[in-house]
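Please see the structure below; I have some questions.
Nothing in this text is a laboratory measurement; each read-out follows from the coordinates by a stated rule. Remember, predicted model here, so these are calculated numbers, not experimental data. All Cβ positions, even for glycine, are placed from backbone atoms using ideal geometry, and neighbour counts span all protein chains on display.
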Amino acid sequence: MASSLIIGTRGSRLALVQAHSVARDLEAGRDGLTVQVRVLTTKGDADRDASLDTFGGEGVFVKELERALTSGKIDAAVHSLKDLPTSLPGGLTIASVPERVDARDALISRDGTGLDDLPPGARVATGSPRRRAQLRHYRPDLRFTGIRGNIDTRLKKLAAPDGPDAIVLAVAGLQRLGWTDRISEILSPEVCMPAVGQGALAIEARKDDRSTLEAAQRIEDLPAGQAVTAERSFLHHIGGGCHTPVGAWGRIEEGSLVLDAVLAADDGGWLVRQSLRGQPEEGADLGRRLAEAVLAEAEQAGRDGQATQAGQGRQTG
């Protein structure tokens, strides 16, 4: 059994906090184990100015880590689970999902006001199609602009004289960095459904590396793993990724697995929200069934929206 492991991570402040937390937990979980953290630069980190939409495809924050993992340069990779595509490269697997923190989104405004109290036409910065579509559906008067960079960079952009009126970030990142005092409002999932896997970490490893798999399993949080299994199954069957306005939130309530999900039009013109409840060990099937139901309703919502637009066009023509 190996007495040392090398885990790879992105180099952002948040990523390092997450990786070192996992390293400590791994060492505490197995006597005599030493864990080294190795920083790698991903494509998403190398270009912090361009919109993520321009990169094409998923995994801009994980591919370099996965290449290092496959080649044996590292033994495991620590990811924010929401960054990890639902289909992994051959030979790799999610070895463990540690305990999850708050999955919700947070609004941070310049003057500390909440979402309902932002002035009409307020400018909200977010690079997430999911957040943008849901918030636009809730408050069509808001104006949206993109934003990139690490959490501290985004907070600096908010404070700049020409900055937006508000930004939206994951509560989890602020929580892990000790910056929850900056939050103006934690957004209810009924207003803004979280991203799949938000608030959770994933330890990715090689399927044939029994020593690393065993060490990672020691810090697995079963309820978190069951919840994100359902969420990722939903996303996989929806066929969506980081550029799709889709969100899901799973959790264990009174012994059952509850899965809520949202799919929206890019412009927030329509929004489908559904929920299912099942056995905790049936997350993959629950996610599939919820995806089928949401897609069926979304297809109708899209047709209704097109019909409404056509009707409006005839009235104004």
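L174: net charge of surrounding residues, Cβ under 10 Å, Lys/Arg +1, Asp/Glu -1, itself excluded?
Surrounding charge for L174 is 0.
DSSP beta bridges in the chain, what fraction antiparallel, as a percent rounded to 5?
In the chain, DSSP labels about 70 percent of beta bridges as antiparallel.
Which of G121, P161, G146 sits closest to the plus end of the dipole of region 105-187, meaning its Cα is farthest towards the positive end, when Lys and Arg get +1 and Asp and Glu get -1 on the C-beta?
It is G146, whose Cα lies furthest towards the positive end.
Calculated FRET efficiency, K63 and R139, Cβ-Cβ r, R0 45 Å, to nearest 0.05?
Step by step, r from the Cβ atoms, then E = 0.80.
Any idea how far the Cα center of region 113-177 sits from the one of region 71-88, in Å?
Measuring centre to centre over Cα atoms gives 28 Å.
Lysines near K207 by alpha-carbon distance under 28 Å, same-chain residues fewer than 8 away left out - which ones?
K43, K63, K73, K82
How much FRET efficiency would the formula 1/(1 + (r/R0)^6) give for E282 and S21, where r is the Cβ-Cβ distance and R0 is 35 Å, rounded to 0.05?
E between E282 and S21, to the nearest 0.05, is 0.70.
Before anything else, pin down the relative contact order of region 221-311: Cα pairs under 8 Å, at least 6 apart, normalised by residue count, whole percent.
Over region 221-311, the number comes to 31 percent.
What is the dipole size for the chain, taken about its Cα centre, with +1 at each Lys and Arg Cβ and -1 at each Asp and Glu Cβ, in debye to the nearest 20?
760
Here is a further query. Could you tell me the calculated FRET efficiency between S71 and E253, based on Cβ-Cβ distance and R0 = 51 angstrom, to the nearest 0.05? Write down the numbers at each step before the final one.
On the way: r = 42 Å, r/R0 = 0.82.
Once the sixth-power term is evaluated, E becomes 0.75.
Right, something else. Among T180, A195, A205, whose Cα sits farthest toward the positive end of the charge dipole of region 172-220 (+1 at Cβ of Lys/Arg, -1 at Cβ of Asp/Glu, about the Cα centre)?
Final value for the positive-end residue is A205.
Cα-based Rg (one decimal) and Dmax (whole number) for the chain, in Å?
20.2, 76
For a test of the definition: using alpha carbon positions, the gyration tensor, and the 1.5 limit on a/c, classify region 105-187 as rounded, prolate or oblate.
Rounded, since a/c falls under 1.5.
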